[in-house]
Each structure stands twice: as structure tokens, then as C-alpha cells.
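Down below is the structure, laid out as C-alpha cells.
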Amino acid sequence: MSASSAVVPWQRTAAVELVAGDTRVVVVPELGMVIGSFVVDGFDHVARPGGIGALRGGHTTAVPFLYPWANRL
């Protein structure tokens, strides 16, 4: 299985896209390291109620990446 990463535009903001096989993850550092999209076999598993505007407004949406605290929980 091949894997790749790239900086891409996502919802009019810069994001990092990680791709491995049929799985694609979009991480948005500008908005608190949230996972904005998690697509497996063409289906996005992340709900974004209110869209990117709600995320910018501080509402809870997307998936927090827990950077840099994940190993300290």
C-alpha cells in the first residue's frame, strides 16, 4: 500500500491531506488541528454541522486531533 501527504486547499483554508490506499484524511492546522474529513471507500465519516464557518466560530464540529496532548492523556 502506498501512502502520501500534501498541503492542499480545503474549504478555502490550507490543510494537510494524508492518503493511504482508499483512505484520505484532511487535517486543518489553522483551525486547531482538527480532522476535517476522514474518507474511506468514498464515504466521509466526519459530520460538520454548520460547516467550516461554525468551526471558525468556535463551535464543536469535526474531530479534534489532540495535538500535542494525545500522549499525555
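The values are calculated or read from the model by the stated rules, or taken from the named source; none is laboratory data. Bear in mind the structure is a predicted one, so any value in this text is a computation, not a measurement. As a convention, Cβ positions derive from the backbone with ideal geometry for all residues, glycine included, and neighbour counts pool all protein chains shown. These accessible areas exclude ligands, DNA and RNA; they are computed on the full protein's heavy atoms, side chains included. Shrake-Rupley method; radii C 1.70, N 1.55, O 1.52, S 1.80 Å.
Filtered by the rule that a residue be without any contact (Cβ under 8 Å) to a residue 12 or more places away in the chain and surrounded by 12 or more Cβ atoms within 10 Å (Cβ to Cβ), the range 30-44 gives a lone residue, Asp44. In the range 45-55, the qualifying residues are those that are exposed (fewer than 12 other Cβ atoms within 10 Å of the Cβ) and not in a loop (DSSP other than H, G, I, E, B), and the one that is modelled with the lowest pLDDT is Gly51.
Could you list, in sequence order, all residues of the range 19-29 that are touching an Asp or Glu at 6+ places or on another chain (Cβ under 9 Å) and surrounded by 15 or more Cβ atoms within 10 Å (Cβ to Cβ)?
Arg24, Val25, Val26, Val27
Among the criteria (1) among the hydrophobic types (A, V, I, L, M, F, W, C); (2) at pLDDT below 90; (3) open to solvent by less than 60 Å² (accessible area, probe 1.4 Å); (4) over 13 Å from the mean Cα position of the chain (by Cα), the one Met1 does not fulfil is (3).
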